[in-house]
1. Give me the number: length gained by fully extending R258 to H56, i.e. 0.36 nm times residue separation minus the C-alpha to C-alpha distance, one decimal in nm.
2. Need one number: nm distance between label points at E355 and E273, each 7 Å from Cα along Cα→Cβ, rounded to one decimal.
3. Accessible area per residue of the stretch 243-362 at 1.4 Å probe, in Å²?
4. Tally up the carbon and sulfur contribution to the accessible surface of the stretch 215-364 as a whole percent, 1.4 Å probe, everything protein left in place.
5. With a cap of 16 neighbouring Cβ atoms within 10 Å, and only residues DSSP puts in a loop, list the trypsin sites (Lys or Arg not before Pro) found in the stretch 110-151.
6. So which trypsin sites (Lys or Arg not before Pro) in the stretch 50-87 pass both tests, a DSSP loop state and at most 15 other Cβ atoms within 10 Å of the Cβ?
7. In the calculated pair distance distribution of the chain, what percentage of Cα-Cα distances lie above 26 Å?
8. So what is the calculated 222 nm ellipticity per residue for the chain, using -39500 (n - 2.57) for each DSSP H run with n of 4 or more, over all residues, to the nearest 500 deg cm²/dmol?
Amino acid sequence: MTAPAPDTRPRPRRTALVVGASGIAGSAIVEQLTRTEGWDMLGLSRNPVPGSTARHIGADLRSPESLAAALAGERPTHVFFTAWSRQATEKENIAVNAGMLRHLLAALDHAPLEHVALMTGLKHYLGPFEAYGRGTMPDTPFREEEPRLPVENFYYAQEDELWAAAGRQGFRWSVHRAHTVIGHAVGNAMNMGLTLAVQAAICRETGRPFVFPGSETQWNSLTDMTDGSLLAEHMVWAATTEDAGNEAYNVVNGDVFRWRRMWPALAAWFGLEWEGFAGQPRPLQEQMRGAEDVWARIVEEHGLVEPDLARVASWWHTDADLGRPIEVVADMSKSRLAGFPGYRRTQDCFTALFERYRAERIIP
């Protein structure tokens, strides 16, 4: 029996709109789609991203009028929404961040949308920053079927906006609940990878040890993380796999580790002495207070490209992440059973990221 001839007909091109294209997740999605045939890319952000392969669209996500004008002539088939704006309270987070998603999808009412992928995170299970890790948490590893916590949470509000728009506009959707995301970006509000690299540079310059800033629980308990490139693979997979749509997924690297093993390994990569948990947390916001002049000296001595310490280090976010009083691990079974094979070893992700930052003269 003769085998059927392979289907060589050209596949229709897809157009991706990556929202938050300058961030860790957004830039990783652009890189992932650049390596994948059949995609045209639009990158929505306030400012152009240097070197990006996505055509830049400048718009203010908080302005329906700005979005409507910027997107009137665009016809994306897939949206990858990775943007967020930190506000002082969770009530404001809900108003602003759910509003940004609502405004964007309304501005795309004319577009032939097939799928919208929304990035959220494990605060879905932990609660928002102002109630972070307090109260009754689900048991670990976190599973997608856990009920929502009885607190206000902008992730919940964004999911509600996504589902409502899908019902009106007829697209498929996916939600991607990442743990701490490490990856390549500068000027990002939540960037543990670069923050720890900058901490290490300042420690080396000042002769101080590399001091773990977090809690005893985080030092000793199991945890996991999400590499930006794996998150990008996961979002593209869900957006282009028919049976994977209309679901929420956890997305983590697949390995687990303890900081009491990871911290010495990171210190060794930088050639530093280290100190672990010693009785109480030692937050980076306290350790690094007044370090702007030290960073300016490091930048000048090594010819680095980013002199603004606030654009390369987010002390507050790393303190919040490493200061949690509970174990945080996410279950990837749902993705595995649906066919997603992606895996990373977190230590390798850290070192590859440090090498890239060093090659680009962002860290010494």
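The values are calculated or read from the model by the stated rules, or taken from the named source; none is laboratory data. From a predicted model like this one, the values you see are computed outputs, not experimental measurements. Here Cβ is always computed from backbone atoms with ideal geometry, including for glycine, and neighbour counts include all displayed protein chains. Note: areas computed on protein heavy atoms with side chains; ligands, DNA, RNA excluded. Shrake-Rupley method; radii C 1.70, N 1.55, O 1.52, S 1.80 Å.
1. 68.7 nm
2. So the label points at E355 and E273 sit 2.9 nm apart.
3. 50
4. Result for the stretch 215-364: 46 percent of the exposed heavy-atom area is carbon or sulfur.
5. Hits after loop and neighbour filter: R134, R143, R148.
6. Those satisfying the criteria are R62, R86.
7. Details: 34028 of 66066 pairs.
For the chain, the share of Cα pairs beyond 26 Å comes to 52 percent.
8. Value at 222 nm, helices only, nearest 500: -11000 deg cm²/dmol.
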